[in-house]
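The structure appears right after this line, and notes come after that.
The values are calculated or read from the model by the stated rules, or taken from the named source; none is laboratory data. In this text, all values refer to a predicted model and were calculated from it rather than measured experimentally. We place every Cβ from the backbone using ideal geometry, glycine too, and count neighbours over all the protein chains shown.
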Amino acid sequence: MGAPLLSFEGFTLELATASGWLRVLDGIDLRVGEGESLALVGESGSGKTLCAQSVTRLLPLHHARCTSGAVRLSGVDVFKAGERDLRRLRGAVAGHVFQEPAAALNPAMRIGDQVLEALRLHRPSEARHAEAVRWLARVGIPAPEDRARQFPHELSGGLQQRATLAIALAPRPRLLVADEPTTALDVTVQAQVLELLAQARAELGMAILLVTHNLGVVEGIADRVAVLYAGQVVEHGPTADVLARPLHPYTRALVASVPRLGQATDRLGALPGSVPAPGAWPTGCRFQPRCPQARASCGEASPPWNAARLAHGARCPFATEEAAT
Amino acid sequence: MKALLAVEDVRMLYPARPDAWGRPRAWLHAVDGVSLRVDAGEVVGLVGESGCGKSTLGRIVAGLEKPTRGVVRWDGLDVTGRAGTPGLQMVFQDSSGALDPRWTVAQIVAEPWLARGRRMSRAELRQEAAALLAEVGLDEGALDRFPHAFSGGQRQRIGIARALAARPRMLVCDEVVSALDVSVQALVVNLLARLRGERGLAMVFISHDLAVVEHLSQRIVVMYLGRLVEEGPSRDVCSRPLHPYTQALLAAVPEPGRPRSRAPVQGEAPSPLAPPTGCPFHPRCPLASARCRAEMPAWRESSPGRWVACHEAAADVSQRGP
Ligand SMILES: Nc1ncnc2c1ncn2[C@@H]1O[C@H](COP(=O)(O)OP(=O)(O)OP(=O)(O)O)[C@@H](O)[C@H]1O
Ligand SMILES: Nc1ncnc2c1ncn2[C@@H]1O[C@H](COP(=O)(O)OP(=O)(O)OP(=O)(O)O)[C@@H](O)[C@H]1O
Ligand SMILES: [Mg+2]
Ligand SMILES: [Mg+2]
């Protein structure tokens, strides 16, 4: 088997802060092959966006460093590569959809021109303009002809989000890194966009790294799911298996807390507490202070990877026992 | 009773398709003839498709934009197009643009206190700011950092903390929980529900997530292409939707374990630049008749408190499930 398209190999990331370097990702091990799709899920602040931004090293080197392991994209070690190599990777090999579309779009450039720029077509002609409009139509933007001539501030949040998707898809990348690509979209448009991603996978053989907090979205689009918690992968396995038979107590809590229509409406099922911030990670298991099944030993040493089932494991030594009960 | 907020027949047109001289050749109807009232302590959920005019209506309510036509009243006073109404705060859909990047989180959260001339020591300020941040699930370490050093969902919560610091009587929340995972979402929604109960905080809660809206609001208003299509008590709207569009929205709510219906609303989303004749939903409506294609349905009260704009929504809806 050849090298995968994208791999995180024990990747550890540190960021520069006022009080020195701060570890934010810790020993991430993940792979995405050509045409495969992997979903990264986890609570707010768990490190999903930082993982996504590391794929083509969108973080500047004076601000971010890889202290051990590596991220490899199409054979290139992105934290060792120069800016020129990275620019070649961005767009053509890996396209990005950013979590905050308004900040990712150029406020002074028309939407259509931004699509053309992604295609590296700098001298717009009629035919090229039509190509840009086609991409806007494909991501489900009504009246694409008019939208192409508008500026980002004239678009609603959901339209902006779809515009960034068009910009990322237009160069037909081998990998789409999509950070919360449907948060601003209502269910009807969301279904349409997910359909489009599935289609792009089937027709272009495009691989997908999907970052999402919405477990409802994961099903049907991702082959595998990785659950992130406090800078670590705590569970990883085939999507259906992870959702139906989660191993880690954290994943079980995530799956259980999805709000449903018509639920008793006194309180939504919140998992008490929140993800500890980088720099405040507890020793031992990082979830142990919030874990309903924590034992004394959980606070002592960092739990090793527990490959409990075929291609499905978790960072919890008691995963299978608890899941069985 | 006098409404805390009353929006009366508001319309917002934006210029579009500029000619060579930059003069508009068409007008985009972002909001068209919308009326809405919110009483003190009441939470009204505003739902609808992407681009249907929710944020525009929110900005009009908050006085950040002056509508082309119509009036916004706060406590009976005309405040149309006037921002900074005391007691009214807005939390924006775009969290990155809403926070000043040069300010620390402590400064951002404390700004409403200092602006109101509250005298407090540095220690007091930090303590109160930290307490507020804790309510939205952020720890004390956040105080001295700048907005860029946070995750998207964390920034969204800083925006909420800042708005709550002003102790508003009403909050306009624009997609404030859509960027949050279920657990943090529950934390924030439970916090807002508690403030509604304890302080009588009123809200216009904009979201495309019907499950959250149903949970938090007493009343739901559904918009389609700049217009209201349905309104009623939350429970009723979610359990017995009258308008075919609301029915489709409900049928498409994704849940783990329940396969998503793939194309919940058939047909292409219409353009607000060229709205269809008659009922704006007719090109995608399974019930559309000749009348729907020709005539705009009136906004009518089908039963007490239940409003709908549809020719076909019969008095008896039980025969037609979503
Ligand atoms: N520049 C920075 N300096 C210090 N800490 C940072 C910086 N950027 C991010 N962090 C912290 O790293 C953690 C992970 O951030 P990340 O943006 O990856 O979260 P996320 O999983 O994408 O969350 P969300 O769902 O809210 O977007 C957060 O606790 C965040 O506060
Ligand atoms: N400043 C503006 N100039 C021109 N058009 C605008 C402007 N602001 C909004 N629009 C248009 O008005 C319509 C309604 O936009 P709005 O942002 O209110 O939608 P929304 O319901 O909030 O959608 P979303 O769920 O995607 O955020 C859209 O077609 C949008 O492009
Ligand atoms: Mg993120
Ligand atoms: Mg909006």
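Give just the number: which of (1) assigned to a helix (DSSP H, G or I); (2) within 16 Å of ligand 1 (Cβ to nearest atom); (3) over 13 Å from the mean Cα position of the chain (by Cα) does A:Val234 not satisfy?
(1)
Scanning for something in a helix (DSSP H, G or I), touching a Lys or Arg at 6+ places or on another chain (Cβ under 7 Å) and more than 16 Å from ligand 4 (Cβ to nearest atom), does segment B:141-158 turn up at least one residue?
yes
Filter segment A:48-79 for residues that are farther than 16 Å from A:Asp29 by Cα and part of a strand (DSSP E or B); which is nearest to ligand 2 (Cβ to nearest atom)?
Here the answer is A:Ala64.
Only one of (1) closer than 29 Å to B:Leu180 by Cα; (2) exposed (fewer than 13 other Cβ atoms within 10 Å of the Cβ) is not met by B:Leu133, so which one is it?
The one condition B:Leu133 does not meet is (2).
Consider only pairs whose beta carbons are under 6 Å apart and that are at least six residues apart or on different chains; among these, list those whose first residue lies in segment B:172-189 and is in contact (Cβ under 8 Å) with a residue 40 or more places away in the chain and whose second residue is away from ligand 3 (no atom under 16 Å from the Cβ) and of a type outside the set (A, V, I, L, M, F, W, C).
Taking only residues 6 or more apart or on different chains, the pairs are B:Val172/B:Gly58; B:Asp174/B:Ser55; B:Asp174/B:Gly58; B:Glu175/B:Ser207.
Kindly indicate which of B:Val188, B:Val221 is aliphatic (A, V, I, L, M) and within 16 Å of ligand 2 (Cβ to nearest atom).
On inspection, the qualifying residue turns out to be B:Val221.
Just to check your reading of the model, which residue among B:Leu210, B:Leu191 is under 14 Å from the mean Cα position of the chain (by Cα) and either modelled with pLDDT under 95 or closer than 30 Å to A:Ala16 by Cβ (or both)?
The unique qualifying residue is B:Leu210.
Which pairs turn up if I take residues in segment B:50-67 that are over 12 Å from B:Ile206 (Cβ atoms) and away from chain A (no Cβ under 11 Å) and look for partners that are assigned to a helix (DSSP H, G or I) and near ligand 2 (Cβ under 6 Å from one of its atoms) with beta carbon separation below 8 Å, at least 6 apart in sequence or on another chain?
B:Glu65/B:Thr56
For segment A:204-214, state whether one or more residues are at positive phi, surrounded by 24 or more Cβ atoms within 10 Å (Cβ to Cβ) and at the interface with chain B (Cβ under 8 Å from one of its Cβ atoms).
No, the conditions are met nowhere in segment A:204-214.
Looking at B:Leu28, B:Leu77, which one is away from ligand 1 (no atom under 16 Å from the Cβ), touching a Phe, Trp or Tyr at 6+ places or on another chain (Cβ under 7 Å) and more than 27 Å from B:Ser234 (Cβ to Cβ)?
One residue alone meets the criteria, B:Leu28.
I'd like to verify a number: residues in segment B:171-204 that are farther than 20 Å from B:Leu99 by Cα and more than 16 Å from ligand 3 (Cβ to nearest atom), how many?
Within segment B:171-204, residues that are farther than 20 Å from B:Leu99 by Cα and more than 16 Å from ligand 3 (Cβ to nearest atom) number 18.
Could you say which residue among A:Gly69, A:Gly95, A:Gly75 is under 17 Å from A:Trp135 (Cα atoms), out of contact with any His (no Cβ under 9 Å at 6 or more places or on another chain) and touching a residue at least 60 places away in the same chain (Cβ under 8 Å)?
Sole residue among the options that is under 17 Å from A:Trp135 (Cα atoms), out of contact with any His (no Cβ under 9 Å at 6 or more places or on another chain) and touching a residue at least 60 places away in the same chain (Cβ under 8 Å): A:Gly95.
Taking segment A:108-126 as the search range and keeping residues that are in a loop (DSSP other than H, G, I, E, B) and modelled with pLDDT of 90 or more, which one is surrounded by the most Cβ atoms within 10 Å (Cβ to Cβ)?
Among those residues, the one meeting the criterion is A:Arg110.
For B:Trp103, all conditions in the list (1) under 28 Å from A:Thr212 (Cβ atoms); (2) in contact (Cβ under 8 Å) with a residue 24 or more places away in the chain; (3) surrounded by fewer than 19 Cβ atoms within 10 Å (Cβ to Cβ) hold save one; what is the number of the exception?
Checking B:Trp103 against (1) under 28 Å from A:Thr212 (Cβ atoms); (2) in contact (Cβ under 8 Å) with a residue 24 or more places away in the chain; (3) surrounded by fewer than 19 Cβ atoms within 10 Å (Cβ to Cβ), the one that fails is (1).
Of the numbered conditions (1) at the interface with another protein chain (Cβ under 7 Å from one of its Cβ atoms); (2) within 13 Å of ligand 1 (Cβ to nearest atom), B:His208 fails exactly one; give the number of that condition.
Going through (1) at the interface with another protein chain (Cβ under 7 Å from one of its Cβ atoms); (2) within 13 Å of ligand 1 (Cβ to nearest atom) one by one, B:His208 breaks only (2).
Count, please, the residues in segment A:220-240 that happen to be farther than 30 Å from A:Ala92 by Cβ and modelled with pLDDT under 95.
Residues flagged as farther than 30 Å from A:Ala92 by Cβ and modelled with pLDDT under 95 within segment A:220-240 amount to 1.
Which number in (1) at pLDDT 90 or above; (2) within 11 Å of chain A (Cβ to nearest Cβ); (3) at negative phi marks the one condition that B:Leu225 misses?
All conditions are met except number (3).
Could you tell me how many of the residues in segment B:124-169 are more than 16 Å from ligand 3 (Cβ to nearest atom) and at positive phi?
Residues flagged as more than 16 Å from ligand 3 (Cβ to nearest atom) and at positive phi within segment B:124-169 amount to 1.
Can you pull out the residues in segment B:165-185 that are within 21 Å of B:Arg122 (Cβ to Cβ) and either within 12 Å of chain A (Cβ to nearest Cβ) or part of a helix (DSSP H, G or I) (or both)?
B:Ala165
Among the residues of segment A:139-192 satisfying the criterion of being hydroxyl-bearing (Ser, Thr, Tyr) and in a helix (DSSP H, G or I), which is nearest to ligand 1 (Cβ to nearest atom)?
A:Thr164
Within 14 Å of ligand 2 (Cβ to nearest atom) and surrounded by fewer than 24 Cβ atoms within 10 Å (Cβ to Cβ): is that true of A:His129 in this structure?
So A:His129 fails the test.
Scanning for something surrounded by fewer than 20 Cβ atoms within 10 Å (Cβ to Cβ) and assigned to a helix (DSSP H, G or I), does segment A:35-43 turn up at least one residue?
No, segment A:35-43 contains no residue that is surrounded by fewer than 20 Cβ atoms within 10 Å (Cβ to Cβ) and assigned to a helix (DSSP H, G or I).
Does segment B:106-120 include one or more residues that are facing chain A (nearest Cβ under 10 Å), in contact with a helix residue (DSSP H, G or I) (Cβ under 7 Å, 6 or more places away or on another chain) and closer than 22 Å to B:Gly58 by Cα?
Looking through segment B:106-120, none of the residues is facing chain A (nearest Cβ under 10 Å), in contact with a helix residue (DSSP H, G or I) (Cβ under 7 Å, 6 or more places away or on another chain) and closer than 22 Å to B:Gly58 by Cα.
Could you tell me which of the residues A:Arg138, A:Arg134, A:Arg147, A:Arg162 is modelled with pLDDT of 90 or more, within 23 Å of A:Leu194 (Cβ to Cβ) and surrounded by fewer than 16 Cβ atoms within 10 Å (Cβ to Cβ)?
A:Arg134
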